[in-house]
Amino acid sequence: MLWILACQAMVIAPHLLRIPVWLSIMSAGVGIWGYKAVSAKWKYPRRIILLLMVIIASTGIFINYGTLIGRNAGVALLITMLSLKILEFKTHKDVILFVYLGYFLVVTNFLFSQTMLIAIYMLAVSIGLTSTLIMLSRHGSELNLGKNVKQAVMMTLQAIPLMLVMFVLFPRLPSPLWFLPEDNSRAVTGLSDTMKPGAISELSRSDAVAFRVSFSDAIPPASQLYWRGPVLWQYDGKTWHTSYQKFLKRNMQGKYSGKKYTYTITLEPHQQYWLFALDTPSSIPPDSYINNGYSLISRNRIRNLYQYTSSSYTRYIIGDKLSLAEKKSALQLPENLNPKTGKWAREINRRFATAEEKAKYILGYFREKPFSYTLSPPLLGQNAVDDFLFNTRSGFCEHYASSFVYLMRLMNVPARIVLGYQGGEYNNLGKYMIVRQSDAHAWAEIWVRGKGWIRIDPTGAVSPDRVEKSIEAALPFRVSSGGLMRSDNPVLRTLILYWDSANYKWHNWVLGYDSAKQSSLLEKFGINSASWEDIAISIMVSLGSMLLLIALWVNMSNRRPRKDPTCRLYLKFCQKLGRIGFRQMAHEGPIDYATRVTGKRLDLKDEVDLITHIYIKLRYSRNPPTNLFSQYKKCIRKFHPRKNK
Amino acid sequence: MNTTINFLINQANEIILGKEKQIRLSLACLFARGHLLIEDLPGMGKTTLAQLLARLMGLQYNRIQFTSDLLPSDIIGAAIYDRDKGEFYFHPGPVFTQVVLADEINRATPKAQSALLEAMEERQITAEGETRDLPEPFFVIATQNPTYHTGTFPLPESQFDRFMMRIELGFPSRQAERSILTGRDRSILLQTIKPCLTSEQVLKIQSLVPQVHVSDALLDYLQDLVDFTRNDSSTSNGLSPRGSLALMRSAQSWAFLDGRDAVIPEDVQIILPSVVGHRLRQYTDNLSDTSSIAQKLLKSVAIP
């Protein structure tokens with residue numbers, strides 16, 4: 001009974017955070033009641049009370065979620081039923097039903113999370129449930145728990161080949177059959193499509209993985225690792241927005257040169273539409289577009305892990321022709337703000353003729369004046385840019401990018417902000433790059449006639465380390481929230497990389513195994529156009545051959561049961577005699593055998609009799625002397641019968 | 001103890017010539033607290049063997065000659081009216097003894113045969129509403145003629161199962177027969193023979209037999225044999241647990257007679273035909289058939 005309750009707890013545990021508190025308490029209470037009913041002969045509640053409990057719980061769930069259908073409410077309802085079933089344990093049938101419900105609840109976990117950890121945990125839980133079933137079929141003695149669990153593990157292991165076949169061959173649909181109802185409550189981590197001061201520095205505290213990249217061949221240098229995300233055009237004095245965007249035609253109007261990098265990105269769900277690409281993408285993955293900010297936009301919201309392949313050039317000319325509308329949005333400014341900055345901008349404008357010179361001057365200003373790079377900048381007032389440039393002079397990348405673009409626009413240079421990530425950590429074990437939320441970055445682009453949009457990263461002027469190395473190097477003090485992920489301990493670091501690498505493979509091969517991968521895998525086995533019939537046949541063939549193998553194995557292991565050392569040595573002895581023409585019959589006892597042999601070969605009598613005698617002693621008598629075995633071993637080793645001439 | 005037993009066997013060998021294996025088997029059966037059924041043609045020395053065993057073990061014995069008109073009360077005993085005292089009192093029948101020689105048991109009707117049933121299994125008799133214990137040790141040594149002979153009632157299966165062993169004597173060898181022909185009359189010889197054991201000693205031996213060690217390896221072999229009888233199609237029904245227990249006990253007993261403290265596969269093999277033959281008998285009632293079943297069993301099951 002305790003074991004069943006443990007199973008219940010294990011099944012419910014991963015759901016705990018998702019179900020209302022009262023439901024957890026109720027489950028625990030019911031569990032205790034059920035236990036007492038068995039151990040202390042408490043009474044099971046009457047049917048009517050059970051019914052009442054069901055109604056109350058269902059009402060509670062309805063109040064909590066506003067529905068009884070749907071993922072969360074459905075799971076909560078299932079948990080209620082599972083728990084209440086404990087109070088109905090009268091026959092075996094009830095317990096079996098309980099276990100099956102448990103299996104079902106285990107599966108529901110995958111509606112929430114599909115990570116490797118959850119999968120492993122679920123496997124453990126189903127082993128537990130299986131052992132409950134085994135226990136039931138053995139008419140429940142809980143004493144043999146270890147044995148039951150062992151058998152459950154064995155059964156699960158035996159199921160693995162079956163699972164693999166089903167996994168590999170089961171038909172995949174190109175798109176999911178159904179969409180899970182969306183949950184607004186899900187926390188969104190990642191870049192948003194607006195930039196407020198402090199937004200990115202907030203993000204930088206998170207170690208969550210933004211995406212993983214594997215390059216098909218070369219890896220660009222760290223200073224070129226700008227992962228382009230959304231482009232921000234509109235500024236209201238405080239916040240930047242993406243308001244203006246126009247989709248470009250599929251044949252893009254960029255001019256590319258230099259090395260082409262091809263890479264595959266596995267993007268963690270961020271609930272937005274854009275995709276990230278190395279600055280700047282030259283090809284568009286399927287089901288997505290590119291806009292005039294050269295950001296990739298997916299057709300669908302990224303709700304699940306999303307994988308795409310793209311290629312980029314780090315030397316490029318993009319947007320060399322600026323449309324009027326673009327120019328207008330690239331020069332848009334809020335009015336009547338930041339008077340000091342305005343004055344200073346006019347000054348610079350007088351001194352320098354070209355946009356590039358002006359930019360260079362401003363970057364120089366950032367470098368020379370005591371600007372500092374910090375995660376916790378002081379708050380800025382109404383005239384944010386004024387405050388930043390002349391008073392506080394400390395900020396994060398968004399401050400630098402924002403004030404730089406502001407200044408450039410004041411000087412009539414079209415400019416915009418690009419959000420994205422900069423850098424990434426290379427995982428040598430899995431040969432891929434991890435880009436975390438802490439790598440979030442904002443930089444600027446200015447438009448120069450004839451050269452198109454040029455990337456300028458004002459943060460680099462203040463803190464070159466940020467671009468060259470990573471955020472850790474750039475910050476004057478360690479970020480406490482980084483904790484585990486940024487540990488300096490090399491062992492821990494390696495472990496973390498191992499873990500991430502395993503996770504990546506999991507994503508790539510288990511979760512990312514779709515119809516395309518399936519058909520390419522099947523092609524390797526010579527199945528080109530995988531029709532339903534072909535797949536059905538291959539499932540049958542592989543299952544059939546597997547069963548055949550199992551049957552053979554069972555047969556073999558039946559024929560040759562495991563023997564103890566005494567027996568093995570005796571068989572060796574028999575083999576030696578067999579070589580000289582005395583094969584032991586399967587049904588022949590040791591003494592009969594010895595008599596038969598010695599009857600024909602008197603010369604062997606002493607040895608054969610001795611060995612047979614010791615063998616009988618070792619194998620059949622009570623408490624044979626311990627030193628006998630070594631003597632026995634020696635005798636058999638020394639025994640070398642020769643054929644009679 | 002062993003020298004006594006060996007002496008006993010030698011003595012028996014002098015009376016029943018050339019049948020050492022059968023004598024040993026019978027002793028093994030009796031020492032394992034089993035009842036013995038001797039089956040063969042008339043005149044093969046069945047009764048002599050039975051009498052001989054009883055005498056040599058120093059046990060008190062009664063002989064019941066089974067006939068077709070034998071009644072249960074002839075075996076168990078009956079209540080008889082005592083005219084002097086004016087009441088009934090139980091007059092114990094010939095079964096109240098240590099060794100019962102049930103001669104030609106299959107000549108009696110099933111009703112009389114089954115009177116022996118309770119005695120054999122429970123070692124007690126219920127008559128006139130009262131249960132009486134039989135003396136210890138208690139053996140039934142029954143002889144029977146092959147069932148195809150006229151005037152026989154085949155033993156019910158339930159009764160077959162109660163005999164631990166069924167042995168056949170078979171024709172004597174030429175040499176042995178010569179000695180029988182030239183030697184003294186067996187019945188006179190039988191009278192001269194002296195008991196080698198006392199009933200206390202027999203009880204002691206009976207308590208020692210179950211202590212003979214049976215290793216796991218041997219139990220595996222035993223169970224393989226039993227499983228084979230239960231799964232093979234050539235036997236109409238498998239060995240009962242009583243059958244497998246009989247197999248083990250008689251193997252222990254045989255090992256004991258050999259002076260060993262542990263059972264080896266050969267012990268099982270040698271007693272097996274006598275133990276399982278009559279239990280697995282099919283309705284053909286062919287003597288050679290039963291032994292062939294046992295041989296098949298031995299040949300088919302490998303010693304683990």
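Would you list the helices (runs of 4 or more DSSP H) that sit entirely within segment A:63-140 and hold 3 or more residues that are open to solvent by 70 Å² or more (accessible area, probe 1.4 Å) and in contact with a helix residue (DSSP H, G or I) (Cβ under 9 Å, 6 or more places away or on another chain)? Quick ask: steps written out before the conclusion?
Numbers: elements: A:71-85, A:92-108, A:116-137.
Answer list for segment A:63-140: A:92-108, A:116-137.
Could you grab me the full set of residues in segment A:262-273 that are open to solvent by less than 20 Å² (accessible area, probe 1.4 Å) and either β-branched (Val, Ile, Thr) or at pLDDT 80 or above (or both)?
Of all residues in segment A:262-273, those open to solvent by less than 20 Å² (accessible area, probe 1.4 Å) come to A:263, A:265-267, A:270.
Those that are open to solvent by less than 20 Å² (accessible area, probe 1.4 Å) and either β-branched (Val, Ile, Thr) or at pLDDT 80 or above (or both): A:263, A:265, A:266, A:267.
Name every residue in segment A:376-413 that is in contact with a Phe, Trp or Tyr (Cβ under 8 Å, 6 or more places away or on another chain), open to solvent by less than 40 Å² (accessible area, probe 1.4 Å) and assigned to a loop (DSSP other than H, G, I, E, B), in order of residue number.
The answer is A:377, A:396, A:413.
Would you mention how many residues in segment B:208-222 are over 16 Å from residue B:28 (Cβ atoms) and exposed (fewer than 15 other Cβ atoms within 10 Å of the Cβ)?
Residues in segment B:208-222 being over 16 Å from residue B:28 (Cβ atoms) and exposed (fewer than 15 other Cβ atoms within 10 Å of the Cβ): 3 in total.
Does residue B:223 meet the test of being of a type in the set (S, T, N, Q), in the same structural domain as residue B:34 (by TED's automatic domain parsing) and either assigned to a helix (DSSP H, G or I) or within 26 Å of residue B:301 (Cα to Cα) (or both)? Reasoning before the result, please.
Values: of a type in the set (S, T, N, Q): yes; in the same structural domain as residue B:34 (by TED's automatic domain parsing): no; either assigned to a helix (DSSP H, G or I) or within 26 Å of residue B:301 (Cα to Cα) (or both): yes.
No; evaluated as a whole, the condition is false for this residue.
Can you name the condition, by its number, that residue A:621 falls short on among (1) within 60 Å of the chain's Cα centre (by Cα); (2) within 14 Å of chain B (Cβ to nearest Cβ); (3) open to solvent by 20 Å² or more (accessible area, probe 1.4 Å); (4) of a type in the set (Ser, Thr, Tyr)?
Residue A:621 satisfies all of (1) within 60 Å of the chain's Cα centre (by Cα); (2) within 14 Å of chain B (Cβ to nearest Cβ); (3) open to solvent by 20 Å² or more (accessible area, probe 1.4 Å); (4) of a type in the set (Ser, Thr, Tyr) except (3).
Kindly establish whether residue A:539 is farther than 28 Å from residue B:219 by Cα, hydrophobic (A, V, I, L, M, F, W, C) and either open to solvent by less than 70 Å² (accessible area, probe 1.4 Å) or in a loop (DSSP other than H, G, I, E, B) (or both). Walk me through how you get there before you give the answer.
Details: farther than 28 Å from residue B:219 by Cα: yes; hydrophobic (A, V, I, L, M, F, W, C): yes; either open to solvent by less than 70 Å² (accessible area, probe 1.4 Å) or in a loop (DSSP other than H, G, I, E, B) (or both): yes.
Considered against the rule, which asks whether it is farther than 28 Å from residue B:219 by Cα, hydrophobic (A, V, I, L, M, F, W, C) and either open to solvent by less than 70 Å² (accessible area, probe 1.4 Å) or in a loop (DSSP other than H, G, I, E, B) (or both), residue A:539 comes out as yes.
Might you check whether a residue that is hydrophobic (A, V, I, L, M, F, W, C) and within 14 Å of chain A (Cβ to nearest Cβ) occurs anywhere in segment B:192-201?
Initial filter on segment B:192-201 (hydrophobic (A, V, I, L, M, F, W, C)): B:193, B:196-197.
From what's left, within 14 Å of chain A (Cβ to nearest Cβ): none.
Among the residues of segment B:192-201, not one is hydrophobic (A, V, I, L, M, F, W, C) and within 14 Å of chain A (Cβ to nearest Cβ), which makes the answer no.
Given the conditions (1) assigned to a helix (DSSP H, G or I); (2) more than 10 Å from chain A (Cβ to nearest Cβ); (3) at pLDDT 80 or above, report the number of the one that residue B:294 does not fulfil.
Answer for residue B:294: the failing condition is (3).
Quick one: is residue B:268 open to solvent by less than 40 Å² (accessible area, probe 1.4 Å), within 10 Å of chain A (Cβ to nearest Cβ), modelled with pLDDT of 75 or more and in a helix (DSSP H, G or I)? Step through it out loud before you land on a result.
Numbers: open to solvent by less than 40 Å² (accessible area, probe 1.4 Å): yes; within 10 Å of chain A (Cβ to nearest Cβ): yes; modelled with pLDDT of 75 or more: yes; in a helix (DSSP H, G or I): yes.
Judged against the criteria, residue B:268 is a match.
Kindly indicate whether any position in segment B:7-17 is touching a helix residue (DSSP H, G or I) at 6+ places or on another chain (Cβ under 9 Å), within 16 Å of residue B:190 (Cα to Cα), part of a loop (DSSP other than H, G, I, E, B) and not small (Gly, Ala, Ser).
The answer is yes, given that some residue of segment B:7-17 is touching a helix residue (DSSP H, G or I) at 6+ places or on another chain (Cβ under 9 Å), within 16 Å of residue B:190 (Cα to Cα), part of a loop (DSSP other than H, G, I, E, B) and not small (Gly, Ala, Ser).
Just wondering, is there one or more residues in segment B:35-43 that are crowded, with 21+ Cβ neighbours inside 10 Å, assigned by TED's automatic domain parsing to the domain that holds residue B:19 and part of a loop (DSSP other than H, G, I, E, B)? Please lay out each step first, then the result.
Initially, segment B:35-43 is screened for residues crowded, with 21+ Cβ neighbours inside 10 Å, giving B:35-39.
Now restrict to residues that are assigned by TED's automatic domain parsing to the domain that holds residue B:19: B:35-39.
Now narrow it down to the ones that are part of a loop (DSSP other than H, G, I, E, B): none.
Checked segment B:35-43: no residue is crowded, with 21+ Cβ neighbours inside 10 Å, assigned by TED's automatic domain parsing to the domain that holds residue B:19 and part of a loop (DSSP other than H, G, I, E, B).
Do we have any residue at all in segment B:20-31 that's outside the structural domain of residue B:257 (by TED's automatic domain parsing), surrounded by 20 or more Cβ atoms within 10 Å (Cβ to Cβ) and outside any helix (DSSP H, G or I)?
From segment B:20-31, those outside the structural domain of residue B:257 (by TED's automatic domain parsing) are B:20-31; that's our starting set.
Then drop every residue that is not surrounded by 20 or more Cβ atoms within 10 Å (Cβ to Cβ), which leaves B:22-31.
So of that shortlist, the ones also outside any helix (DSSP H, G or I) come out as none.
The answer is no, given that none of the residues of segment B:20-31 is outside the structural domain of residue B:257 (by TED's automatic domain parsing), surrounded by 20 or more Cβ atoms within 10 Å (Cβ to Cβ) and outside any helix (DSSP H, G or I).
Restrict the check to segment A:559-573 and report whether at least one residue is on the phi > 0 side of the Ramachandran plot, open to solvent by 40 Å² or more (accessible area, probe 1.4 Å) and out of contact with any strand residue (DSSP E or B) (no Cβ under 7 Å at 6 or more places or on another chain).
Narrowing segment A:559-573 to residues on the phi > 0 side of the Ramachandran plot: none.
Within segment A:559-573, not a single residue is on the phi > 0 side of the Ramachandran plot, open to solvent by 40 Å² or more (accessible area, probe 1.4 Å) and out of contact with any strand residue (DSSP E or B) (no Cβ under 7 Å at 6 or more places or on another chain).
Has segment A:172-186 got any residue that is at pLDDT 75 or above and open to solvent by less than 90 Å² (accessible area, probe 1.4 Å)? Give the steps one after another, and end with the answer.
Keep residues of segment A:172-186 that are at pLDDT 75 or above, which gives none.
No, the conditions are met nowhere in segment A:172-186.
Quickly run through segment B:110-141 and pick out the residues that are among the acidic types (Asp, Glu) and touching a residue at least 24 places away in the same chain (Cβ under 8 Å). So that I can check it myself, show each step before the final result.
Of segment B:110-141, the ones among the acidic types (Asp, Glu) are B:118, B:121-122, B:128, B:130, B:133, B:136.
Selection gives B:121, B:128, B:130, B:136.
Would you tally the residues in segment A:578-608 being part of a helix (DSSP H, G or I) and within 14 Å of chain B (Cβ to nearest Cβ)?
First, pick out the residues of segment A:578-608 that are part of a helix (DSSP H, G or I): A:578-579, A:590-600, A:602-608.
Then keep just the ones that are within 14 Å of chain B (Cβ to nearest Cβ); that gives A:590-596.
Of the residues in segment A:578-608, 7 are part of a helix (DSSP H, G or I) and within 14 Å of chain B (Cβ to nearest Cβ).
The values are calculated or read from the model by the stated rules, or taken from the named source; none is laboratory data. Keep in mind that what you see is a predicted model, and the values were worked out from it rather than measured. Ideal geometry is used to build each Cβ from the backbone, glycine not excepted, and the neighbour counts take in all protein chains shown. In case anyone asks, the SASA skips ligands and DNA or RNA and just uses the protein heavy atoms, side chains included. Shrake-Rupley method; radii C 1.70, N 1.55, O 1.52, S 1.80 Å.
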